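Beneath this line is the structure, given in structure tokens, with notes to follow.
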Amino acid sequence: MTNLRAFGDGKLQPVAESLWSATTPVRFVGTWFPHVMTVVRLTSGELVLHSPCHMSAELAGDIARLGNVAHVVAPNWFHDLYLSDYRARYPAATFWGPALLQRQHPSLIDRRLDDDARPPWFEEMPHVELPGVLTFDECVFFHKPTQTLVVADFLMNASADNNAPLLTRLGYAFFGLNGNVTVFPVLRWFGFANRASLRLGARAMLAWNPARLIVGHGTPTADAVPERLRSALSYLL
Ligand SMILES: [Fe+2]
């Protein structure tokens, strides 16, 4: 039987002051990935949930002890898996997402997220948009108080050990995922149509000079982040 705990145990983990993550397994074209949600407590005390993962009663209880969930962020149109559940769980929260997701699910997205958006947390956690179909119209965030870059799909930091299912190991080998920080390979291969926009986004991420990185699929890290980020983005610079 497949042990999926390697792809997330669903427990709330502290990352830094005012910052937590929770990870649950998710399957994509036969391959298991960790699915990371970031929980940010703003200076106002309100919580922002970025990239919602599968929610258990235990996780919901732990989050409730941190504060009131005021905002839920679907950072790109590919991250809509649990939005209906979150909408039911947090009916008073404001839901943010890209234009395409808002068009597809107008009842699930209240506010559009793009370069022009100025969410109430913008001063402490600004964002830049990586536009275009093959970047999923993703907005990436920089949480200033903890110097943390928060990304959903654009960057990955994942590996599969020998206990992972065969199809997952093959998938990771195919995508070149071996524990390095890397641009999601499909975006690297096919994102040439919007290279100029991606270059601007890459430069913005490097200018933030993040000390930490949380990715939607992989392990949060504080290990040589500026250097690893520059290496991952070098093909765009
Ligand atoms: Fe994703």
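Since every read-out is calculated from the coordinates, none of them should be taken as a lab result. Bear in mind that the values here come from a model prediction, so they are computed numbers and not experimental data. FYI the Cβ positions are ideal-geometry reconstructions off the backbone, even for glycines, and counts take in every protein chain you see.
Side notes on the structure shown:
- Shape of the chain, Cα gyration tensor, a/c cut at 1.5: rounded
- Using the Cβ-Cβ distance between E124 and N3 with R0 set to 30 Å, the FRET efficiency works out to roughly 0.20.
- Of the residues L4, L166, S107, the one whose Cα sits farthest towards the positive end of the charge dipole of the chain is L166 (charges of +1 on Lys and Arg Cβ, -1 on Asp and Glu Cβ, taken about the Cα centre).
- Extension gain, K11 back to A88 (0.36 nm per residue minus Cα-Cα distance, nm): 25.6 nm
- Anisotropy class of segment 100-200 from Cα gyration tensor, a/c 1.5 cut: prolate
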